[in-house]
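The values are calculated or read from the model by the stated rules, or taken from the named source; none is laboratory data. Keep in mind the model is a prediction, meaning the values are calculated, not measured. Glycine also receives a Cβ, built like all others from the backbone with ideal geometry; neighbour counts cover every protein chain displayed.
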2 protein chains.
Amino acid sequence: MGRTTLKDIAEKAGVSVTAVSRALSGYPDIGEETRGRILRIAEELNYQPNIAARTLVTHKSGVMGLFVLGRAKGEGFSHPFSGQVINGFLDELTEDGYDMMVFKANRPPDSENSSYLDLCRRRMVEGAFLMGLRTDDPWLSDLTASAIPIVTMDMPLAGDMTFSVGCDSVSAVHAAIRHLADLGHKRIGIVNGYKEASISLERFEGYKSALTSLGLPFDPTIVAEADFTAAGGRQAFLSLIDKAPDMTAVFVSSDLMALGVLEGARERGLSVPEDLSVVGFDNIEMAAMSSPPLTTLDQPRYELGQTAARMLISACSGITPPSRVLLKANLIVRGSTAKPNKIKTGEVIEKAH
Amino acid sequence: MGRTTLKDIAEKAGVSVTAVSRALSGYPDIGEETRGRILRIAEELNYQPNIAARTLVTHKSGVMGLFVLGRAKGEGFSHPFSGQVINGFLDELTEDGYDMMVFKANRPPDSENSSYLDLCRRRMVEGAFLMGLRTDDPWLSDLTASAIPIVTMDMPLAGDMTFSVGCDSVSAVHAAIRHLADLGHKRIGIVNGYKEASISLERFEGYKSALTSLGLPFDPTIVAEADFTAAGGRQAFLSLIDKAPDMTAVFVSSDLMALGVLEGARERGLSVPEDLSVVGFDNIEMAAMSSPPLTTLDQPRYELGQTAARMLISACSGITPPSRVLLKANLIVRGSTAKPNKIKTGEVIEKAH
DNA sequence: CTGTTAGCGCCTTCAA
DNA sequence: TTGAAGGCGCTAACAG
């Protein structure tokens, strides 16, 4: 298994190990000629540094951690949202010479399992990116209280070394509601996520303030809450439409839930967008493929991941990034929104009773 | 920053570092009483071993690598298939005390970037799991030729230490075709993946042999090939149905492509399943949410990931696993398949001309 | 500019 | 049953 080490190169080059180390690390204090020779030999021997050894002395592992919280049914990795974020995160890390280690989150906090923080410390992880929504994970505080830089996704948390990325929900929702209002909708409901996610609160704020600024009344009867799943979205929509059959449009806090809303609408014999306009949030791949394709707010997922990586890298090199970075979500108009069709809506109301 | 080390524990317990090391590693050659005391102190100090140091001497990092190949548009991480596989893989690894490092694959093979193998060696990765489909990645041979155990997904490759997991395509496709035949279909087309993926070849074999064993003729005009994307599936289906409007059913090699087929069918005014039956492959989340919900072959994705992990762990401990492990894909009958409707089909044929 | 020395934290002989 | 010594491969002082 004889890997080539600095020593091998040193012997072959007739210099000391230190010299080789310096040449390879790009230090200036080494003769041009010697450095050239060393580099050539290193290349020749396909030298790969033993990072474990380096880590041992420098206390820097070059590893960033990724915790994907809430990995149950359709969450976490399996969530259509995560993929591109992780791609962006990984690409940016790789660009800067970091590697990414993914840890299993949401393990039961018993003595068998180590806390998130312990996992980081064992591996000397330099910083960690947390994806997930619930701020009530009991293992979070450990991490955010530590000196390890943390970036969270859509989940601003307290902590000196804790930062977060996300999209500006308020202005995004404004754009969505304005779009609906421009089309002529007056009765616009909302299917929001659960309250344990801060994005839900923000999106609700955006919804309310948008209505206000557009001169539309706010009506709590057309506000529903679901669990960010399609099934939950469907359910929430059904209860909404049954209570308020005159609702002509609905803003949904995630595309997955919006797909559930589409399903619910079908069940009630409502055709989208003729009888009901639907706007989602996220622009997951599926959103373009549903029938009708979903009007939604595009989150720049890849860029969100990149941004998280950059913040982490920056924090690790001592440059404190802003505690929260918000990107812009853009409205993508597709086939699920249109002018309200009063007549059809009337028919449907009767059918529904 | 002062992490607790073996030395700290040793001092506090009044023993040597060696003794502590042994106690913590569960060696038997240490006094019951001493061990107890040591363990207690370790607990008290929340001792976390420095894995870098351990790796340096044992040459075992406790890290498995994950390479997600083909990360372009909708592939890799972003693919709805990957998530659960990775979950299973990670869970099983964690169970055995391994951690997972994810590497960026498909980087251009220039001097800037290290080969997959080099990445593994730097980090002393003990084994690697490769997800992806194209057997023509130029960086693969390096890895499969090395002594590092490799498990690939759906991509059997040569190599002493190279293994693979996947589903038994042939018998799965048989089940699908039999289902269609049982419903009364006689003219069953196929939208397959590209030939660079070995699953495409296997599924094609399954398709042909199923037809034969059911006494149905094989007709090359209703065979099409696409790139595993929805857009590609749509395109392939359109060319198929235009050439052979009497086709009443189609087997599609992936759900993503099948969703594209559904879209294509809509465009041609064919309603599914009345005019056309569609069977997919994978049972991704979306498959249950399309309209109509897709009849498909369920791949046990989580178990595939678990299996990969177990094979890797086993290979790392010197127990050579079987070079290929096939799990069973199960037919899930949903709304996209039904008896062929001759009359409607007739109408459509005329419309199409 | 280059080499010598020392040590990171841990495991593994070898003695006691 | 326990301890002492040595070294994994690398970097970081400190000398020359």
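Assorted remarks:
- Flag for residue A:323 being closer than 20 Å to residue B:292 by Cα and in contact (Cβ under 8 Å) with a residue 40 or more places away in the chain: no
- Some residue of the range A:221-228 being outside any loop (DSSP other than H, G, I, E, B), of a type in the set (Asp, Glu) and surrounded by fewer than 21 Cβ atoms within 10 Å (Cβ to Cβ): yes
- Listing of helices (runs of 4 or more DSSP H) fully contained in the range B:250-316 that carry 3 or more residues being more than 14 Å from chain A (Cβ to nearest Cβ) and crowded, with 24+ Cβ neighbours inside 10 Å: B:301-316
- Filter result for residue B:25 (under 37 Å from the mean Cα position of the chain (by Cα) and near DNA strand C (Cβ under 10 Å from one of its atoms)): yes
- Flag for residue A:91 being within 16 Å of DNA strand D (Cβ to nearest atom) and either more than 30 Å from residue B:96 (Cβ to Cβ) or under 41 Å from the mean Cα position of the chain (by Cα) (or both): no
- Among the residues of the range A:85-95, those identified as within 7 Å of chain B (Cβ to nearest Cβ) and either buried (at least 24 other Cβ atoms within 10 Å of the Cβ) or under 16 Å from residue B:122 (Cα atoms) (or both) are A:86, A:90, A:94.
- Scanning the range A:329-353 for residues that are of a type outside the set (A, V, I, L, M), outside any loop (DSSP other than H, G, I, E, B) and at pLDDT 50 or above yields A:330, A:342.
- Residue in the range A:135-149 that is at the interface with chain B (Cβ under 9 Å from one of its Cβ atoms), over 21 Å from residue B:66 (Cα atoms) and modelled with pLDDT of 90 or more present: yes
- Qualifying residue in the range B:189-209 (condition: assigned to a helix (DSSP H, G or I), in contact with a strand residue (DSSP E or B) (Cβ under 8 Å, 6 or more places away or on another chain) and over 29 Å from residue A:287 (Cβ atoms)): yes
- Filter pass, residue A:68 being surrounded by 23 or more Cβ atoms within 10 Å (Cβ to Cβ), of a type outside the set (Gly, Ala, Ser) and touching a helix residue (DSSP H, G or I) at 6+ places or on another chain (Cβ under 9 Å): yes
- At least 1 residues being more than 9 Å from DNA strand D (Cβ to nearest atom) is the threshold, and among the helices (runs of 4 or more DSSP H) wholly inside the range A:1-82 those reaching it are A:6-13, A:17-24, A:32-44.
- Of all residues making up the range A:28-64, the number that are surrounded by fewer than 17 Cβ atoms within 10 Å (Cβ to Cβ), more than 14 Å from chain B (Cβ to nearest Cβ) and near DNA strand C (Cβ under 8 Å from one of its atoms): 6
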